[in-house]
Each structure stands twice: as C-alpha cells, then as structure tokens.
1. I'd like to compare 246-253, 409-416: which one has the highest average count of other Cβ atoms within 10 Å, and what's the full order after that?
2. Residue by residue, what Karplus-based ³J(HN,Hα) values in Hz, rounded to whole numbers, does region 136-152 have, using 6.51, -1.76 and 1.60 with θ = phi - 60° and x for Gly and Pro?
3. HN-Hα J couplings of region 218-231 from phi, Karplus 6.51/-1.76/1.60, θ = phi - 60°, integer Hz, Gly and Pro as x?
4. Between region 64-142 and region 253-311, what's the alpha-carbon centroid distance in Å?
5. What order do you get for 87-96, 174-183, 201-210, 270-279 when each peptide is scored by the mean count of other beta carbon atoms within 10 Å, highest first?
6. In Å and on Cα atoms, what radius of gyration and Dmax does region 192-251 show?
7. Kindly flag which residue pairs out of K386/K453; K344/K444; K272/K426; K326/K421; K272/K368 have an alpha-carbon separation exceeding 30 Å in this structure.
8. Which of the DSSP-defined H helices in the chain satisfy a minimum axial length of 30 Å, computed from C-alpha atoms, and a minimum mean Kyte-Doolittle hydropathy of -1.0?
Amino acid sequence: MQMYSKKSKSNFWIFGIAALLLTSAVILGFLFFNASKKLPSFLRSEHSDALQVSDQQKSRQAVVHYPDFESHPGLQALAENQARLLLNELTAQLDAFPVDSESVWINADYRTQTLSDRYLSVIYDIRWKIGESVTESASGYIIDQETAALAETSAFFDQEGLDRIAAGFRDAMKNQEGIHELAYSWPFIQATAPTAENYPSFYIDQGQLIFQFSAGSLADEKLSWTMPISQLGPHCLLMPEAQETELYIPPRTVDPSRPMIALTYDDGPHVKHTPEILSLLKEYGGAATFFMVGTRVELYPQIVLDIARSGSEAASHTYSHPNLNKLSGSALDFQLNQTTELVKELSGNQLTVQLLRPPYGAIDAEVKSASAYPLIMWNMDTLDWKTRDAAQTIDHVLNYAEDGDIILMHDIHAETADAAKTIIPKLTELGYQLVTVSELMEAKGITYLPGQKVFSASSVKD
Ligand code: ZN
C-alpha cells in the first residue's frame, strides 16, 4: 500500500508539473497571439489603418501608432522614424519603473491637423495606465509635405516671432516649479536666445503652439511649453494675413531676491544703435529704460514700438532737450509732456510714458512742482558721451555695478552700442537681472512720486 501510494504520489507530481507547463505554454502562446493580432483595448489605435511600433518588457508595454502614408514612401519613413523616436523616449521613461512594480501600459495614439497645403501637424495623445490609474501627456511634430522632412523653425517664424517665443518661454520657466532656479542661470539664458536653432521642435494643436525640449537639452527632464498662436500675429509665417491688432508686450518676471540693475539710455532713439542694443537685450533676456527726446520720437516711431515690444521701457527726456530750469509756464509744460503725447499717439493709446529724465539733471523747484512724473536721475554716470570709448564704458560699469543701480548711458553713440555687446552679457553672467527703472522700483518695493528725484533703488529724494 505504501509503495503504491508513493508511486501514485510521484506520478501525480509529474503529471501536475507537465500540466502546469502545458497550461503556461498555452497561456503564453495565447498572449503572444493576442498581442500581435489584437492589442488590449487600452493599447489600440482609434484609426483602423494605423501602423505601430511597440516595446514590451514583462508587465510594461508601450505602443506608438503612426499614420500610414502608403502613397508617399518619404512621408512614411518620416512618420515611422518619429514614432520610433517617441517609442524610445517612452521606453526610457518606462525604465524608471521597477521591473516588479504593477503593470504599466502606454498608448501613444495620433491625430493629424492640416495646417496648410504644405504642412501637417501630427499630434500624439499619450495615455499612461499605471496599475489602475490613467494619466496623460502629449507630443507631436509638423511634417513639411514638400520636403518630406520636419518643418523648419526658420520657415515658420520671423525674427519678431522668435523674440516673442523666447521671451514667453523664458518667462514661463521663471514661474515653473522645479525649473525656476535654472531659468535664471547663464547657460539657460544662452540656450534660450531667440534663434531658430534654439527652438527646433514644435507642433500646432487647435490654435496652440507647443514647443518641446528633449530631456537633457535644457533640463534633465523633457520640457514643453504652450503659447496661443494668435500671440504671434503675422510673425507666424503660416498666417501672413493675420492682423496685428494690439501692441504685443512680452511678459516679464523679476525676482526681488536676486540682484538687478537698471541700464538707462538717453537722447535717442537712434536708427541704428537703439535696435542694436534692443537685440542684445532680447538675446540675454534683459530690458532697459530709454529716455527719448520727442524730436527723435517723431523721426523713429517704429523704434519706440520696438522698445515696448522687446519688454523695455519707453520714457521721456523732454521734447527737444532744453535745460528745464530756464523755462517756465506753458513752455515748461510743453517740454515735460509733449513726448508722452507723441508716444500715446504713435501707439494708439497703448503705451503710457511713466518716467521723465530732465536733460543735464537740471531740476529746480518749478520743474519739481510742474512735473507729473518722478524725475529719474542716476547713481552711476559712465561718461560714455565724453570718453566715446567702449572699453572705458565697459570698465566703468563692470568695476562699479551694484544691485539697485541706475546706470546712465546714451544710445546715440556707436561706442555705447559697442560697449553693450560686453556689458549686457557680462552683467547677466554675473547674475544681475537687467530691468527697467519701473521694474527696479517695483521689485525693491520703493514708492516714488511725481516731482521726486530717484537716483537708485536706495536713494529717492524730495
Ligand atoms: Zn540728454
């Protein structure tokens, strides 16, 4: 009995193991068949003709579907390549999950949006199923159907468009948790300058422009940022007929806890040097205050608008640069207010001058009481107008600049514009925010009233 029983037991085990193996094989085979033939519903595409690439590791599976451009092998190859790139990106993210963790499924299904005869936006709605919870992310690209390549940034935006994109992106990152510190850093500022090369990856989804920065390019993680395409007006070349209805002033964030300097430029605008300085400020994410003479505002109204569009401040330096102490009554009032009137008019009431700098710093009691503006002086005079030497202007600024300074220069001189090529990057690299006078006073929490003299953020006098 015992022998029999023993034998029967071992037979039972052999049979049991065989059955288990067989069952497993059937289950595995079924799963394999199922996966290749028909995906679980969560991983399927909404398009019956979709193609797919996928990656499966135990309980983790990612599927990227892509459109079938059967009739066009170039587009087909591009779409497949883009799908593989996205799959690699998703697989890399999958690797962050422990192997034995709950199952993770990722389904990247596409939508397309025709932008023009030439351009097609491919948008990925990506759904992540981790255990029982589902989260979503997005990705995309634009196909240039003429070249069968990705759309070129330079073909999509003009320089003003790139300026707005860079300004908007930098500002958004200054306000984004986790990126905030990085957004003020010198490498980040350089890497986000308004050039086509710095903004290579983007797509359009229902009137929104989405820019993507791959993991490791600007930050460790992938960054994406959305702006309404309408903010670009005709500067998105896809919409050449778009109307610029409002003056676009880029958003700017100033961090009160970081050092800042207000560069100020007098006696312009100048047809060549003011745009040169503005372009440097845009490159490094800074702003300055331009104390303009009314007679020159009349000559170059577009430059006044460019000052505002770049985030800098348009301020008054009287109408024709007289010594205000020698004037009174209506002649004084005219000099104090005419530039403001001109700016209001040329901007269709969209720009208001808030600050005045009296020529030669000449301020007597009558000027003080007649002025509707705070009187902005300076605490550093670079003497750029006297030396007319870029190196001396640079040395002066870099040797003496301190948090809260208001620095006096003149944008009508070539040497001052040359000096800006060093001063603006260098101060930024040293960690200074280049701000307007109004931003400086607001960030430092200083109240200043019409007729008061402002020398710096720490020196306001009656
Ligand atoms: Zn002046």
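A short reminder: the numbers here are calculations on the coordinates, not readings from a lab. It should be emphasised that the depicted structure is a prediction, and the values quoted were computed from it without experimental measurement. Please note: Cβ atoms are built from the backbone with ideal geometry, for glycine as well, and neighbour counts cover all protein chains shown.
1. My ranking of the peptides, most packed first, is 409-416, 246-253.
2. 10, 9, 9, 7, x, 7, 10, 9, 8, 6, 6, 9, 6, 9, 5, 4, 8
3. Taking θ as phi minus 60°, the curve returns 9, 9, 4, 8, 5, 10, 9, 8, 10, 9, x, 5, 4, 5 Hz for region 218-231.
4. 43
5. So the order, starting with the most tightly packed, is 270-279, 201-210, 87-96, 174-183.
6. Taking only Cα atoms of region 192-251, I get Rg and Dmax of 13.1, 39 Å.
7. Where the Cα-Cα span goes over 30 Å, the pairs concerned are K326/K421; K272/K368.
8. Working: long enough: 2-37 (51 Å, 0.72); 73-94 (31 Å, 0.10).
Those that pass (Cα extent of 30 Å or more, hydropathy at least -1.0) are 2-37, 73-94.
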